[in-house]
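Q: Quick one: the structure is below, questions incoming.
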Amino acid sequence: MVQTVTTELNGAELSIEVGRFARLADGAVMIRHGHTMVLVTAVAAPEANEAVDFLPLTVEYREKAAAAGKIPGGFFKREARPSEKEILSARLIDRPIRPMFPKGWRKETQLIAAVYSYDQEYEADILACIGASAALMISSLPFDGPISEVRIGRVDGELICNPTHEQLEASDLEIVIAGTDDSIVMVEGGANEISEEEFVETLAFGHENIKKLNQLQRELAELVGKAKQEFVPKEQPTEIAEFVEKEVRSFVHDQVREHSSKEQRQLRRRELMESLLVKVTESFSEEDYPDLDFKKVTSSILSDIEKEEMRAMILEEGKRLDGRSTTDVRDIHSEVSVLPRSHGSALFTRGETQSLGTATLGTKLDEQMIDGLKPTFTRRFLLHYNFPPFSTNEVKRMFSTSRREIGHGHLAQRALEPMLPDADDFPYTIRIVSDVLMSNGSSSMATVCSGSLAMFDAGIPLKKAVSGIAMGLIKEDDKVAILSDILGDEDFLGDMDFKVAGTREGITACQMDMKIQGIALEVVQEALQQAKGARLAILDRMNEALEEPRPDISPYAPRLTTIMIPVESIGAVIGPGGETIRKIGSESSATINIEDDGKVVIAALTSDSAQIAVDMIKELVRAPEEGEVYTGTVKEVREGLGAIVEFLPKKAGLLHISQIDHQRVENVSDVLKIGDKVEIKLLEISSDGKFRLSRKALLERPEGMPEEDDYYSRGPRRDDRGRRGGPTHRRSGGYDDRDGRRGGGRRDDRGGGDRDRGRRGGGGRRY
């Protein structure tokens, strides 16, 4: 039976429907907001996988092209590997859902969200997370929910829950919040330098809407919810736990207080584990525990003891694994220009975390095209984060970019993007690459710092420097400790990873993940204030390396020159099949991009190369003007008439034989040949668009020749029999306008000169 629950959200109905789709899944819902619809299913394997010591949860988010009335691009014309957008959306589901499963759950569990309808207004990723929680709520799987997720925007100072695409474009912040009724579980987002107070206000607004959506899920579970599976976490063998406790408790207590490095701690743990395992296997028989993996159990018990000791030291003594207080930031060292041929580079080191950032400048042709459910668009700022295994002193196979790398890179990109210069002022495509060379806590925030410095080093006019800090949390009952600049072990053994990035004026990006079922807003507010102090301290250290962008870009970066041409001239510059623009690029060694409004961006490594391209383009679009002087090319020679001269690209006119020289020209080819360069003056543009050219107008008149007495401008002449000829352009004895031929004594059939053709009579009858 189909069951549906509904509510209203941002001007449109939000509904969750059960019973019509995917009925064989453990839980399946179709969630809809406006005309956007997402099917979410939850399925768990029938048996637990005891070979793993973690929660085996996988989340997949897929966008069907048909949802937006599109056919996928590419050769195969079907959806392939998930896009970056789909991976980021899957992470938005996974991170708040994961803490809600009971500890020790080992059945393979899979959540799949598929977008089947997209209305270009309401985003699908938020619906997918709500749907995942609802599918788990109505299934038999143990799930301590519900949780809900909302996206918050702010337009003209007013906060909006789940804004439309148009509202989001006008918003000065975009923050995704997930939570239970009592607490916040996850935060992810970016903003344009908002204050800590505005951030907390946004969280509170989002949490109120989360409660409403959680209630909707409860109503659905009451209608169709299945009985939950009985699940009892598997306990460690009491005898072995007590034995390990007795053997290592005091040693671990002292060890965590030695304040050693990560490498030293790892080495001592390996040594301790090896000796402890020998004692355990000698003390307990495999016959008594036939199905027990002694190594795994011993390691698990030892980890629990280490976690307890570390947390107790922080809460009771205010000291951390490396000896710092809860508010101290590790030593910071920054360098710029460490790579001589990159456009910009920076090495940022904070304790045992290190990021090598490089900045590369490109042209509009280097922009990334994004083709998804939304209309295709391009992205001019790219940030790529790489996390090689040597950064944690491990050996692993290197596959394609991991989901973690995509997520961390996206967070750093969000942090830096609000500070980019406007495209009109700095029309470059910008790519930042962060290679993490060491990692012991918050490499994504190190990426923000190295990326900011690398852009300064590249001469990119970043509005302000940006830094980032990762905060941790240790919570036991009413005791709470907030940690600045957490280590990797503090992240692993703690309860929160809260990353905050921004400038001196405000927050530009944030990400919070909880390992417990949420925290109160008051704790978040305290963490934000502590993060602000750390962020400003890091900015001070970064400024010691480079305080502002360099005044000019790298000599190895392309120089961009922008000119405007008339829109109607775009076709002339491109040429048939792109022939003309390719020729310009080939002859100038520049890259040319033309936009629809007539903006031409020329990228070249030298100013000379750019100037060649500029001159060639300006010549192409130059409008002929009467009285102007041009250097033309002879395209055709017509004896007795003159020459066809191309004086501007695709613009040619007749250089009449009478306008070649002051002296008489018998043969045009004696003066001009095809391919010759000749300076001409444009005398006239006729009403029908023809051009009348003159070479003679630019030549000095022969000495002694009166201005009115050159050969072609003389008045009537006498022929060889003493008769006066008419004007040179009308009667025999002169040149005809049309072909410029002089009468040469040729007789017509009546024995006289042919006036119509300008030929000179040879003694016959006059007309």
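Q: Could you figure out which of (1) over 28 Å from E197 (Cβ atoms); (2) assigned to a helix (DSSP H, G or I); (3) at pLDDT below 95 isn't true of P99?
A: Unmet condition: (1).
Q: Being closer than 22 Å to I177 by Cα and not hydroxyl-bearing (S, T, Y) narrows it down to one of D457, D489, D513, D478, so name that one.
A: None of the other options fit; the residue is D513.
Q: Anything in region 296-313 that is modelled with pLDDT of 90 or more and either assigned by TED's automatic domain parsing to the domain that holds E490 or among the basic types (K, R) (or both)? List them, or say none.
A: If the condition is that a residue be modelled with pLDDT of 90 or more and either assigned by TED's automatic domain parsing to the domain that holds E490 or among the basic types (K, R) (or both), then K307, R311 are the ones that fit.
Q: Now, a different point. Looking at region 176-183, can you tell me whether even one residue there is surrounded by 24 or more Cβ atoms within 10 Å (Cβ to Cβ), under 25 Å from the mean Cα position of the chain (by Cα) and either more than 22 Å from A12 (Cα to Cα) or among the hydroxyl-bearing types (S, T, Y) (or both)?
A: no
Q: What are the residues in region 518-535 that are surrounded by fewer than 17 Cβ atoms within 10 Å (Cβ to Cβ) and in contact (Cβ under 8 Å) with a residue 60 or more places away in the chain, if any?
A: Scanning region 518-535 gives A520, L521, Q525, Q529, G533.
Q: Here is a further query. Among the residues of region 73-84, is there at least one that is surrounded by 15 or more Cβ atoms within 10 Å (Cβ to Cβ), under 28 Å from H408 (Cβ atoms) and without any contact (Cβ under 8 Å) to a residue 40 or more places away in the chain? Break it down stepwise before answering.
A: Of all residues in region 73-84, those surrounded by 15 or more Cβ atoms within 10 Å (Cβ to Cβ) come to 79, 82-84.
Okay, now just the ones that are also under 28 Å from H408 (Cβ atoms), so 79, 82-84.
With the extra rule that they be without any contact (Cβ under 8 Å) to a residue 40 or more places away in the chain, the set shrinks to 79, 82.
Checked against the condition, which is being surrounded by 15 or more Cβ atoms within 10 Å (Cβ to Cβ), under 28 Å from H408 (Cβ atoms) and without any contact (Cβ under 8 Å) to a residue 40 or more places away in the chain, region 73-84 yields at least one hit.
Q: Additional query: Could you please tell me which pairs satisfy a Cβ distance under 9 Å, a separation of 6+ or placement on different chains, a first residue in region 566-578 that is touching a residue at least 40 places away in the same chain (Cβ under 8 Å), and a second residue that is basic (K, R) and surrounded by fewer than 17 Cβ atoms within 10 Å (Cβ to Cβ)?
A: A572/K650
Q: I would also like to ask the following. Looking at R320, is it surrounded by 14 or more Cβ atoms within 10 Å (Cβ to Cβ) and among the charged types (D, E, K, R)?
A: Spelling it out, R320 is indeed surrounded by 14 or more Cβ atoms within 10 Å (Cβ to Cβ) and among the charged types (D, E, K, R).
Q: To continue, here is another question. Specify the residue that is farthest from D366 (Cα to Cα); the eligible residues are those in region 423-471 that are within 17 Å of the chain's Cα centre (by Cα) and small (G, A, S).
A: Ranking the candidates gives S444 first.
Q: Determine which member of the set S250, S261, S283 is of a type outside the set (A, V, I, L, M, F, W, C) and within 19 Å of Q236 (Cα to Cα).
A: Selected residue: S283, the only one of S250, S261, S283 that is of a type outside the set (A, V, I, L, M, F, W, C) and within 19 Å of Q236 (Cα to Cα).
Q: For region 454-564, which fully contained strands (runs of 3 or more DSSP E) count at least 2 residues that are in contact with a helix residue (DSSP H, G or I) (Cβ under 8 Å, 6 or more places away or on another chain) and more than 30 Å from D596 (Cα to Cα)?
A: Hits in region 454-564: 467-476, 479-484, 496-502, 507-514.
Q: Looking at region 596-610, which of its residues are loosely packed, with under 14 Cβ neighbours inside 10 Å, in contact (Cβ under 8 Å) with a residue 40 or more places away in the chain and under 12 Å from T562 (Cβ atoms)?
A: Residues satisfying the conditions do not exist here.
Q: Check E271 against each of (1) modelled with pLDDT of 90 or more; (2) over 52 Å from the mean Cα position of the chain (by Cα); (3) among the acidic types (D, E) and name the one condition it does not meet.
A: Every condition holds for E271 apart from (2).
Q: Let me ask something additional. Just for region 206-254: of the residues that are more than 21 Å from V297 (Cα to Cα) and among the polar types (S, T, N, Q), which one is surrounded by the most Cβ atoms within 10 Å (Cβ to Cβ)?
A: Q217
Q: Further, regarding this structure: Checking A45 against (1) loosely packed, with under 15 Cβ neighbours inside 10 Å; (2) among the small types (G, A, S); (3) modelled with pLDDT under 95, which single condition isn't satisfied?
A: It fails just one condition, (3).
Q: Moving on to the next point. Taking the criterion of being part of a strand (DSSP E or B) and within 30 Å of L453 (Cα to Cα), would at least one residue in region 319-332 satisfy it? Break it down into steps so the answer makes sense when it comes.
A: Step one: list which residues in region 319-332 are part of a strand (DSSP E or B), which gives 332.
This time we only want the ones that are within 30 Å of L453 (Cα to Cα), so: 332.
Yes, region 319-332 has at least one match.
Q: Restricting region 372-422 to residues that are surrounded by fewer than 14 Cβ atoms within 10 Å (Cβ to Cβ) and among the aromatic types (F, W, Y), which is nearest to the chain's Cα centre (by Cα)?
A: So, considering only residues that are surrounded by fewer than 14 Cβ atoms within 10 Å (Cβ to Cβ) and among the aromatic types (F, W, Y), the one nearest to the chain's Cα centre (by Cα) is F377.
The values are calculated or read from the model by the stated rules, or taken from the named source; none is laboratory data. Everything numeric in this text was worked out from a predicted model, so none of it was measured. Note that we place each Cβ from the backbone using ideal geometry, even for glycine, and neighbour counts take in every protein chain shown.
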